[in-house]
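Worksheet: the structure to be examined is printed underneath.
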Amino acid sequence: MKTVLITGANKGIGFETARQLLEKGFFVFIGSRNIENGLQAVQKLNAEGFSNVEAVELDVTDPASVRTAREEIGNKVSVLDVLINNAGINGGSDPYTVLEATSDEYLNAFKTNLVGTAVNRQQKVDTIF
Ligand SMILES: NC(=O)c1ccc[n+]([C@@H]2O[C@H](COP(=O)([O-])OP(=O)(O)OC[C@H]3O[C@@H](n4cnc5c(N)ncnc54)[C@H](OP(=O)(O)O)[C@@H]3O)[C@@H](O)[C@H]2O)c1
């Protein structure tokens, strides 16, 4: 059975991706920065009849969190076949435009959408992936 970790999969596109990969027979790890939200997502998928799914606490802006998630997954599977770096934010309030965004909003978006993925790879915390 192929395995996949989807970051930010407790809702939105990540959650729907999880559902569709479950339909295709994958074992899915639902990455969620709030484990309670991740567990709720798993419960929803269980209620739809999917059992090959687990929640993993994972905040992409926190290297310690990524390392812990990597260890947790590594204790369960020897190979992770697919990593989907889905977690992301638009960085500001809705509606959000580049003309209105503050420097903090830009920095927050870069921290999550760019550094959260790039630096964690540099630290090789995702080497099983
Ligand atoms: N929807 C669109 O039209 C669109 C267009 C272009 C690109 N995208 C990109 O597609 C991806 C999914 O979008 P979406 O519409 O499904 O967004 P969404 O509904 O807001 O879901 C985003 C997911 O990312 C999670 N997340 C945010 N920051 C995180 C962090 N630091 N660590 C771990 N997880 C984090 C959120 O967790 P919480 O629930 O805890 O907030 C949530 O699970 C994003 O990367 C987004 O930028 C979306």
### Query
How high is the relative contact order of the chain, given as a whole-number percent (alpha carbon pairs under 8 Å, six or more residues apart)?
26
### Task
Please report, in debye to the nearest 20, how large the charge dipole of region 3-128 is about its Cα centre when each Lys and Arg carries +1 at its beta carbon and each Asp and Glu carries -1 there.
360
### Summary
HN-Hα couplings for region 100-105 via Karplus (6.51, -1.76, 1.60; θ = phi - 60°), in whole Hz with x for Gly/Pro, come out as 9, 5, 8, 5, 4, 5
## Note on the structure
A correct Karplus calculation of ³J(HN,Hα) over region 83-91, with 6.51 cos²θ - 1.76 cosθ + 1.60, θ = phi - 60°, whole Hz and x for Gly and Pro, returns 10, 10, 7, 8, 3, x, 10, 8, x
### Query
What residues qualify as long-range amide H neighbours of A55, i.e. H under 5 Å apart, gap of 5 or more or another chain, H built at 1.01 Å from N?
I30
### Query
Ordered by residue, what ³J(HN,Hα) values in Hz, to whole numbers, does region 35-48 give under the Karplus form 6.51 cos²θ - 1.76 cosθ + 1.60, where θ = phi - 60° and Gly and Pro are x?
4, 4, 5, x, 5, 5, 5, 4, 4, 4, 5, 4, 5, 8
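For every helix of n ≥ 4 consecutive DSSP H residues, a contribution of -39,500 (n - 2.57) applies; sum these over the chain, divide by its total residues, and give [θ] at 222 nm rounded to the nearest 500 deg cm²/dmol.
Rounded to the nearest 500, the figure is -12000 deg cm²/dmol.
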### Query
Could you give the angle, 0 to 90 degrees to the nearest 10, between helix 63-74's Cα long axis and the longest principal axis of the Cα atoms of the chain?
10
### Query
Whose amide H sits under 5 Å from the amide H of N86, counting only residues 5 or more places off or on another chain, with H placed in the peptide plane?
T7
## Note on the structure
Checked the chain with the C-alpha gyration tensor, a ≥ b ≥ c its square-rooted eigenvalues, rounded below a/c of 1.5, otherwise prolate if a/b is larger than b/c and oblate if not; verdict oblate
### Query
Straight-line reach from K44: which lysines have a Cα under 23 Å away, not including same-chain ones fewer than 8 places off?
K2, K11, K24, K76
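Taken together, the values in this text are just the output of simple stated rules run on the coordinates, not laboratory data. Predicted, not measured: the structure shown is a model, and the values here were computed from it. Don't worry about glycine lacking a Cβ; one is built from the backbone with ideal geometry, like all the others, and counts go over all protein chains shown.
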